[in-house]
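Below is one structure; the comments refer to it alone.
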Amino acid sequence: MKKDYIMGNKAIAAGALEAGVSFVTGYPGTPATEIVEECLHGEEIYVEWSVNEKVALEMAMGASLCNLRSLAVMKHNGTNFAADFIMHLNFTGVRGGMVLVSADDPGANSSQNEEDTRILLHTYGHLPVFDPATPAEAKEMVKEAFAFSEETGSSCILRPVMRICHSRSVIQLSGQKQLARIPEFVDDRSRFVMSAVNEPRAGGKMRPLWRHALLNRKQERFTRYAEESIFNSIEDGAGRIGFVGCGIGYSYIKEAEAILQRKFPILKLGTLPLPRQKVLTFLKGLDKVVVFEEIEPVVAGLLRGICSEEGLAVKILGRDGFLPGEGELTAEGVIAAAARLGLIERPAAVAKPSAVEVPVRTRTQCIGCSHRGLLSALKQVSRKNKAIVTGDIGCYDAGSFPPMELQSTIFCMGSSIPVASGIARTGIERPVVAVIGDSTFFHNGLLGLVNAVANRSRITVVLCDNRTTAMTGFQPHPGSGENIHGESAPALSPEKIGEALGVKTRIINPYLLDESKKVLDQAIKEEGVSLVISRAPCHLLRTRRGGQPYFNKREVKMLPERCNGCKICINDLGCPALYYLEDENRVAIDQKSCVHCGLCADLCRRGAIITI
């Protein structure tokens, strides 16, 4: 046994290793990414970055069918993508212990939306959910989840939120556990062939209904476990107003208690379903209860149902009116709630705001990023041709924010191409361009391209190919030419895919601005679907690995007397090394951060920025 001060994601990985996991899959996505990477430290474990989350979950199921313990890791957006398979594996159940980590991001700190996957996974999917309050508890929950998964034959869910994944704590580690299991596949078609057929083992009942009934029967065992679980507990406190802390909500309550130096009646909840008898014990004798949960009022609704069924006149307050219905919980929010309820005279003093005015920072790419040249070229061509540009998820999505303001839409992985096709099919007399990254293309963009070709859309697809999943930490994808271990792997070719679909395909170097503009201008004027691949390796990754920049370094110099303050270089490039001096009405260059790609000099037609 040893102790270490580690991040929550590492603690979760450690829990999986201690539970004897032997098969780990996932798709990169903050806040869950590091869980998969930390599992690489285990011995005799298969670990992969899958092409998307649905494939990752299906891979994990394949391992479970061979009686191995498997772990599938994804963020909440990926759970949505895997929902189709989830709504079948809940009916079939599993063989080897199988845990799905679905990491939510309250506050949308690293996501295009915020949501509560407890609704999909438990309310709809009827699967048991473990909701950790601390990184240490997350580690122990993983181990419990594997054991309970095998006991019940059901996949179990670990649902950490971002503050659990990325906070650090002192964690006790006991080392990897090896389960001496030989993979064995046993046919059980009545269970694992999900089809609308009559099931002899169920007296001719339709098989999906039979499997649904079996899932419903498991709920009693899930609830018994919740009653016995160490993750659910009651803490005594003064007064007739109680607090319910679900997952990290409990940690915020405890932090508020420490600040206020007082004790509230608390029900700590770490599982779904709820421990009904423990809930009733807590509720009796209380007049009001406030439920602190991330993000939707899931438990608040369940508690109201229990109160109604049991005839309890307890008022349940939560995130559907009393507490904010969006964003993260905080200890300050707990204190504010206590003040509103009259439990304290006023909120505890908080730190005074800083006298320094912090500017609102826009999103951008790294200095030297290859996407910057592409977006600049595309902005100029789109402006000239009045094109509509749809966007996707990746580093290049910074082009939708000031000062670039190029992409007009961003939804979810792979949506850029179908959305562009839909716009083009309205008959609008403007060119339509979809911008998508390489990892996103392999994740879920390919189907949109196939659909566009099959239905004769007139769009231009611009594929940003930097050979890595840069936004989440440089994870490889099917086009990278290497796997998660850094070993050589087949590199899928987007241009060959395009050619196989009959799409006219061009490749550009985004650091060559004029050439890129020329090719893009040609592409958007073509009939049908055209594909432009902007190919250059990620500058940050390449230089971190000791490589030379992909571009020819050109030191740039500003000639103040030639600058008229038009800010075209800033607005059409968005490089953080360029800044505007308002008092002098001109642009300046931060030479300390400039990497000498020379794009600003190419863009400035007045000759105010020159190469030397």
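The values are calculated or read from the model by the stated rules, or taken from the named source; none is laboratory data. Remember, it's a predicted structure, so these values are computed and weren't measured experimentally. Here the Cβ is made from the backbone with ideal geometry for all residues, glycine too, and neighbour counts use every protein chain on show. Just the protein is used for accessible areas: all its heavy atoms, side chains included, with ligands, DNA and RNA removed. Shrake-Rupley method; radii C 1.70, N 1.55, O 1.52, S 1.80 Å.
A few comments on the model shown:
- Residue-level check: of (1) out of contact with any helix residue (DSSP H, G or I) (no Cβ under 7 Å at 6 or more places or on another chain); (2) open to solvent by 30 Å² or more (accessible area, probe 1.4 Å), Ser493 misses just (2).
- The set of residues in segment 541-592 that are hydroxyl-bearing (Ser, Thr, Tyr), closer than 30 Å to Gly486 by Cα and either open to solvent by 60 Å² or more (accessible area, probe 1.4 Å) or in contact with a His (Cβ under 8 Å, 6 or more places away or on another chain) (or both) contains only Tyr550.
- Options Thr330, Thr409: the member that is surrounded by 14 or more Cβ atoms within 10 Å (Cβ to Cβ), closer than 30 Å to Gly239 by Cβ and not hydrophobic (A, V, I, L, M, F, W, C): Thr330
- Segment 590-612 residues that are on the phi > 0 side of the Ramachandran plot, paired with ones that are in a loop (DSSP other than H, G, I, E, B) and charged (D, E, K, R) (beta carbon under 9 Å, 6 or more apart): His596/Lys553; His596/Arg554; His596/Glu555; Gly598/Lys553; Gly598/Arg554; Gly598/Glu555
- Matching residues in segment 588-612 - criterion: being assigned to a strand (DSSP E or B) and farther than 18 Å from Gly368 by Cβ: Ala588, Ile610
- Meets criteria (surrounded by fewer than 22 Cβ atoms within 10 Å (Cβ to Cβ) and free of Cβ contacts under 8 Å to residues at least 60 places away in the same chain) for Gly528: no
- Among residues of segment 178-195, those that are open to solvent by 80 Å² or more (accessible area, probe 1.4 Å) and part of a loop (DSSP other than H, G, I, E, B), counted: 7
- Qualifying residue in segment 49-68 (condition: touching a residue at least 40 places away in the same chain (Cβ under 8 Å), in contact with a strand residue (DSSP E or B) (Cβ under 8 Å, 6 or more places away or on another chain) and farther than 25 Å from Gly153 by Cα): yes
- Criterion applied to Ser174, Ser233 was being in contact with an Asp or Glu (Cβ under 6 Å, 6 or more places away or on another chain) and of a type in the set (Ser, Thr, Tyr), and the one residue passing it is Ser174.
- Residue in segment 497-519 that is of a type in the set (Phe, Trp, Tyr), surrounded by 20 or more Cβ atoms within 10 Å (Cβ to Cβ) and either closer than 26 Å to Asn552 by Cβ or modelled with pLDDT of 95 or more (or both) present: yes
- Some residue of segment 139-147 being in contact (Cβ under 8 Å) with a residue 12 or more places away in the chain and either within 19 Å of the chain's Cα centre (by Cα) or assigned to a loop (DSSP other than H, G, I, E, B) (or both): no
- Screening Arg430 on (1) under 26 Å from the mean Cα position of the chain (by Cα); (2) farther than 30 Å from Leu541 by Cα; (3) part of a loop (DSSP other than H, G, I, E, B) shows it passes everything except condition (1).
- Residue in segment 415-462 that is nearest to Gly498 (Cα to Cα), counting only those that are open to solvent by 20 Å² or more (accessible area, probe 1.4 Å), charged (D, E, K, R) and free of Cβ contacts under 8 Å to residues at least 60 places away in the same chain: Arg425
- Among residues of segment 187-208 that are touching a residue at least 12 places away in the same chain (Cβ under 8 Å), those with a beta-carbon under 7 Å from a residue that is part of a strand (DSSP E or B) and open to solvent by 60 Å² or more (accessible area, probe 1.4 Å) at least six positions away or on a different chain give the pairs Ala196/Met206.
- Selection count, segment 1-27, where residues are in a loop (DSSP other than H, G, I, E, B), touching a helix residue (DSSP H, G or I) at 6+ places or on another chain (Cβ under 7 Å) and open to solvent by 10 Å² or more (accessible area, probe 1.4 Å): 1
- Meets criteria (at positive phi and not in a helix (DSSP H, G or I)) for Gly175: yes
- Selection status of Glu150, more than 30 Å from Trp210 (Cα to Cα), in a helix (DSSP H, G or I), in contact (Cβ under 8 Å) with a residue 24 or more places away in the chain and among the charged types (D, E, K, R): no
- Residues that are open to solvent by less than 30 Å² (accessible area, probe 1.4 Å) and hydrophobic (A, V, I, L, M, F, W, C) were ranked within segment 242-264; the one that is nearest to the chain's Cα centre (by Cα) is Ile248.
- Any hit, segment 383-400, residues being closer than 30 Å to Gln522 by Cα, polar (S, T, N, Q), open to solvent by 60 Å² or more (accessible area, probe 1.4 Å) and touching a Pro at 6+ places or on another chain (Cβ under 7 Å): no
- Assessment of segment 265-273 against the conditions (among the basic types (Lys, Arg), modelled with pLDDT of 95 or more and either surrounded by fewer than 21 Cβ atoms within 10 Å (Cβ to Cβ) or closer than 24 Å to Ala108 by Cα (or both)) yields no matching residue.
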